[in-house]
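To start, the structure under review is shown below, and the notes come after it.
Read the figures in this text as sums done on the coordinates, not as results from a lab. In this text the structure is predicted, and so the values were computed from the model without any measurement. Note that each Cβ is placed from the backbone with ideal geometry, even for glycine, and that neighbours are counted across all protein chains shown.
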Amino acid sequence: MAEASENGKPGRTRRVGLRPILLALIAVLYAISIPWYRGDDQELRLLLGLPDWVAVAILCYALVAVLNSVVWMRTPIDDDAPLSRALTSRALTADAKGTGARGAVRSTPDPGESRP
Amino acid sequence: MNFSEVGLLALAVYVGILLCVGEIANRSRRNLSPGDHFLGGRELGVFVLFLTLYATAYSGNSLLGYPGKAYRVGFSFIMATGFMMAIIVVFHILVPRLRPAAIQRGYVTPGDFVRDRFGGQPGGRALVLAVAVLMALALANFLLAQLKAMGEVASLVTGDLIPYSWGVVGLAAMILFYETRGGMRAVAWTDAAQGILMAVGLITLLGWLLSGSGGMEAVTLEVARVRPEAVAVPDAIGCANWLSTILLLGLASVIYPQAIQRIYAARTGRALSQSFAWMTFMPLLTTLVVTLIGIAAIPRLDLAAGAATDGVMPVLLREWAQQGTLGQAAAILVFIGALSAIMSTADSCLLSLGSLLVRDLLGQTGETAAQTRMGKVLAAAVLIAIIPLALERDLTLWRLIELKMELLIQCVPAFLMGIHWVRQSAVATLAGLLVGTAFAVGLTLMGTPQWGGVHVGVIGLGLNIAVVVALSVWERQGIPGDSPLEELA
């Protein structure tokens, strides 16, 4: 999953660092796609054969598609990765409240049974 | 052969192919376990996974409802491209953490995650049930809308040679057959074929519309002439509604049970991320296309105010079919593509309903064949129960359909927050869900679906999250060594 970078260390850290930046850019593009910036009394202006605010929205969504695709390609989903602490620490938090987490564990199917 | 006869023949060929796929999928199954039936043995590769995600995400509403909506409101419905794309963006919050858990803990339904995350806490079982009830209501509602759309399209494509009621019952029986025989494999494989048909049909239709109208600029100028408000910049309330719609659809659609089950069904995590990398472009090829089709129809059609705007697409297709053999063939292709979109969503809803009823509502877990059989029986029972409602052609269910997303979005904290925030408790999540749901449903039923352009479901979600955070922090204050600030997993 991780690729070696120039300094010989795994490239995974660099990839993960870029992800939030790209996601923040996507959020900015979503904000720009909504025509807050245009007065609703202004006359029709065309861009690429469309009202300019529509063309801006489409261009924003096209850019979102490209960036989001890049983010997904850079998102390593490892089926054997350690689980979220929200799942692994539930027994501790339940015990701290004086209730066992056995119910949850028991009710979960055995992973071995469901794997092909 | 006239349009109706060619349509009937095309429909017969299409249904024949679906039945064959169902039978092949049945022969490909490994066993009768829920994991094999409801998740296709968790072996969907990139290509099939991408197409099944695509065909499931785009329903009859996307192909018939969206052009009508764009025809009615004009260019501001371009927001639809944004909210369909937002779904694939919001998945970033959920998928990277849910997928490993699903594989390592053997989840089959969305409720399996909720049970695993909250089941051991006080109120956990009630939360699982509450989430399951909201999801089952949304799925049943969605299935009903698809059945009605199936009847309409079957009647349209065959020129009423197949009446509405026969279309509903016959096509529902087809879905039940191949879904029961082949499970997720049959659904995914038919979705793949249906997705291709849908994309080809839509792009062909847009090409015909634009070429016949002198290009996009000519269409825009003509729309501005005949209906100036359709090109007008949205006002402040319109902009707030644009953002609210993106939030509502983007967040709620991620919680669709059939979408979550496809996360579980992928062969590998890498196949899943690659499928999403492709899926993110599909709103540009589908939602944007149907929006432009609806807008291009504004100067061509003069539907009376208050008329059912879902009829925009069928009227356009009939007009197209009158322009010679090529137009007729292309129009039938689009009709079958629309039917594909509807059936692919209906079959996914039905499959998810079966698993959800047996595991999340009845509380059965494990991997037994008996559970799979019960899931099939329950799905069939729900389908049979819904058919009489679908046969009421004039039954207006728009308020219930509106409610679907307002309900689903209230499950967001259980999934999108629950998988990240260690200290989130079951009681707090249940309380938030009840407060958010009561608020959204109450105001919608009282005739106030929006406040200042913002959907009451989105405001309800805000209340829901506030209750979840406040109660979770308050509950943990009594636990020694617990600091509410430290725990974002």
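Points to keep in mind about this one:
- Between helix B:426-445 and chain B: long-axis angle, C-alpha atoms, 0 to 90°, nearest 10: 30 degrees
- Table column - 3J(HN,Hα) (Hz), the range B:280-290, Karplus curve with 6.51, -1.76, 1.60, x for Gly and Pro: 5, 8, 5, x, 5, 8, 10, 5, 4, 5, 5
- Karplus-derived 3J(HN,Hα) values for the range B:461-471, using 6.51 cos²θ - 1.76 cosθ + 1.60 with θ = phi - 60°, are 5, x, 4, 4, 5, 4, 5, 4, 5, 4, 5 Hz; glycine and proline are entered as x.
- Across the range B:115-130, rounded Karplus estimates of 3J(HN,Hα) from the backbone phi angles (6.51 cos²θ - 1.76 cosθ + 1.60, θ = phi - 60°) give 5, 5, 6, 10, x, x, 9, x, x, x, 5, 5, 5, 4, 5, 5 Hz, Gly and Pro being marked x.
- Maximal additional length on extending the A:L47-A:D78 stretch stands at 6.8 nm, based on 0.36 nm per residue less the C-alpha distance.
- Here, P(r) means the percent of Cα pairs in each 10 Å bin from 0 to the largest distance; for the range B:67-125 it is 19, 29, 21, 18, 13, 0.
- Per residue of B:84-95, other chain Cβ atoms within 10 Å of the residue Cβ number 4 on average.
- Taking amide H positions as modeled 1.01 Å from N, with prolines and chain starts lacking one, the residues under 5 Å from A:D79 and 5 or more places away or on another chain are B:G269.
- Spin-label proximity, B:F47 to the range B:271-287 - amide N less than 15 Å from point 7 Å beyond Cα toward beta carbon: B:275
- Normalised by residue number, the volume inside the convex hull of the Cα atoms of the protein assembly as shown is 155 Å³ per residue.
- Peptides ranked, highest mean first, by Cβ atoms within 10 Å: ranges B:415-422, B:21-28: B:415-422, B:21-28
- Annotation for B:D302 and B:C20: the two label points, set 7 Å from Cα along the Cα-Cβ direction, are 4.8 nm apart.
- Size of the range B:86-180 as Cα extents on the principal axes (Å, biggest first): 56, 29, 25
- P(r), alpha carbons of the range B:106-150 - 5 Å bins starting at zero, rounded %: 5, 22, 21, 18, 12, 10, 7, 4, 1
- Helix axis angle, B:312-321 relative to chain B longest principal axis, alpha carbon, degrees: 40 degrees
- Semi-axes of the equivalent ellipsoid for the range B:95-250, Cα gyration tensor, largest first, Å: 39, 28, 17
- As a calculated quantity, the FRET efficiency between B:D160 and B:W474 at R0 = 41 Å, using C-beta atoms, amounts to about 0.10.
- For chain B, the relative contact order works out to 30 percent when only alpha carbon pairs closer than 8 Å and six or more residues apart are counted.
- Protection proxy ranking, highest mean first, for peptides B:378-389, B:53-64: B:53-64, B:378-389, where packing is the per-residue count of other beta-carbon atoms within 10 Å, averaged.
- For chain B, the Cβ-based charge dipole about the Cα centre amounts to some 1000 debye (Lys, Arg positive; Asp, Glu negative; other atoms uncharged).
- At full extension, B:L326 and B:V200 could sit 43.9 nm farther apart than now, given 0.36 nm per residue minus the alpha carbon distance.
- In terms of its C-alpha gyration tensor, chain B has an oblate overall shape, because the principal axis ratio a/c (a ≥ b ≥ c, square roots of the eigenvalues) is not below 1.5 and a/b does not outweigh b/c.
- Spin-label zone in the range B:86-128 - amide nitrogen under 16 Å from a point set 7 Å from the Cα of A:V66 along the C-beta vector: none
- With the simple model of a label 7 Å out from the Cα in the direction of the Cβ, A:R38 to B:R227 spans 1.7 nm.
- Pairwise label distance in nanometres, B:L389 with B:T368, each label 7 Å out on the Cα-Cβ vector: 3.0 nm
- Estimated dipole of the range B:140-278 in Debye, rounded to 20 [Cβ of Lys and Arg +1, of Asp and Glu -1, Cα centre]: 600 debye
- Translational diffusion coefficient (Stokes-Einstein; Kirkwood radius from C-alpha pairs) of the range B:210-330 at 20 °C, 1.002 mPa s, in µm²/s: 120 µm²/s
- Tensor-based shape of the range B:201-258 (alpha-carbon gyration tensor, a/c under 1.5 rounded, otherwise prolate or oblate): oblate
- Amide H contacts of B:Q450 (H built 1.01 Å from N, under 5 Å, at least 5 apart or other chain): B:V456
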